[in-house]
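Read the figures in this text as sums done on the coordinates, not as results from a lab. Bear in mind that the values here come from a model prediction, so they are computed numbers and not experimental data. Cβ sites come from the backbone with ideal geometry, for glycine too, and all protein chains shown count toward neighbours.
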Amino acid sequence: MKNKIHYYLRFVLAYTHDEIKGMIVLFGMMGIYVLYYIGIEYYKKEQERLEFNPEVWEANYQEIKPKVFAPRKFEKHNSAWVAYKSDVKKLPKKQPAIDINTADSAAWVALNGIGPGFAKRIITYREKLGGFYQVDQLKEVYGLDSIWVKENKAILKVGAGVYRFLNINQVEWKDFRHPYLPYGQSKVVLAYRKQHGPLKDFEALQQIQLLDQVAWRRLKPYLSFVVLDNK
């Protein structure tokens, strides 16, 4: 690009080397002058903007004075003076406690952070379990944030707790289902019961080999060992 410009000036316009150098110096000085002029104009405008004007300042002060120095109002409540501003939003009402084992969809939706979708998931999971025996089980509901459970734990109650039990001594294979029960474990228990008879308690259940002890301890609140008299 530089060579093309030099060729055009030297051979097309027939400028000498000295004339070309003079033009470069001239354009350079013109550029410096333009930048200097722009800088001076910008400086003058900034000075004018920052220059103190008592009349303008007084007008601005009178405009913002009612907002900044507005007197606070007071209201007497329960023998105590409570300061407030008219534009302050009211604090949300304290939410009542909810029984997580009996609450319907409307009760769940009334809680902050719970919509119809989550309410349906909670109730569906509760039915599969047979009830919650502790609040932390809500963390197992798909998509429900554990932080939400922690923040709302004070208003979440288990009430009567588990309402449907799995009777180890009566349940048949087709009904031997529970979210906490690993696949194949029901067959082990049914085979043992068929060979040795009813199980007395949870300790007797733990003696069965091939059982997932961790899973069964988790399932313990839902187990029943009642033996019905068929005579």
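Hey, rough spin-label estimate for T124 and A160, points 7 angstrom out along Cα→Cβ, what's it come to in nanometres?
If labels sit at T124 and A160, their model points lie 2.6 nm apart.
Rounded, prolate or oblate: which one fits the stretch 98-157, using the alpha carbon gyration tensor with axes a ≥ b ≥ c (rounded when a/c is under 1.5, else prolate when a/b beats b/c, else oblate)?
Working: a/c = 1.22, a/b = 1.07, b/c = 1.13.
In terms of gyration-tensor shape, rounded.
What residues qualify as long-range amide H neighbours of L166, i.e. H under 5 Å apart, gap of 5 or more or another chain, H built at 1.01 Å from N?
L223, S224
Can you compute 3J(HN,Hα) from phi for each residue in the stretch 191-198, using the Karplus curve 6.51 cos²θ - 1.76 cosθ + 1.60 with θ = phi - 60°, rounded to whole Hz and x for Gly and Pro?
So the Karplus estimates, Gly and Pro as x, are 5, 5, 5, 5, 8, 10, x, x Hz.
Using amide H atoms built 1.01 Å from N in the peptide plane, name the residues 5+ places from I98, or on other chains, whose amide H lies under 5 Å from its own.
L156, K157
Among the chymotrypsin sites (Phe, Trp or Tyr not before Pro) within the stretch 157-231, which fall in a DSSP loop and have no more than 11 other Cβ atoms within 10 Å of their own Cβ?
Y183
Could you give me the ³J(HN,Hα) list for the stretch 124-132, computed from phi with Karplus coefficients 6.51, -1.76, 1.60 and θ = phi - 60°, whole Hz, x at Gly and Pro?
4, 5, 4, 5, 5, 6, x, x, 9
From the Cα gyration tensor of the stretch 166-224, with a ≥ b ≥ c the square roots of its eigenvalues, which class applies: rounded if a/c is under 1.5, or else prolate if a/b is larger than b/c, or else oblate?
Since a/c stays below 1.5, the shape of the stretch 166-224 is classed as rounded.
Before anything else, pin down the relative contact order of the stretch 98-157: Cα pairs under 8 Å, at least 6 apart, normalised by residue count, whole percent.
Here the relative contact order equals 38 percent.
Under a point-charge model restricted to the Cβ atoms of Lys and Arg (+1) and Asp and Glu (-1), what is the dipole moment magnitude of the stretch 166-224 relative to its Cα centre, in debye to the nearest 20?
80 debye
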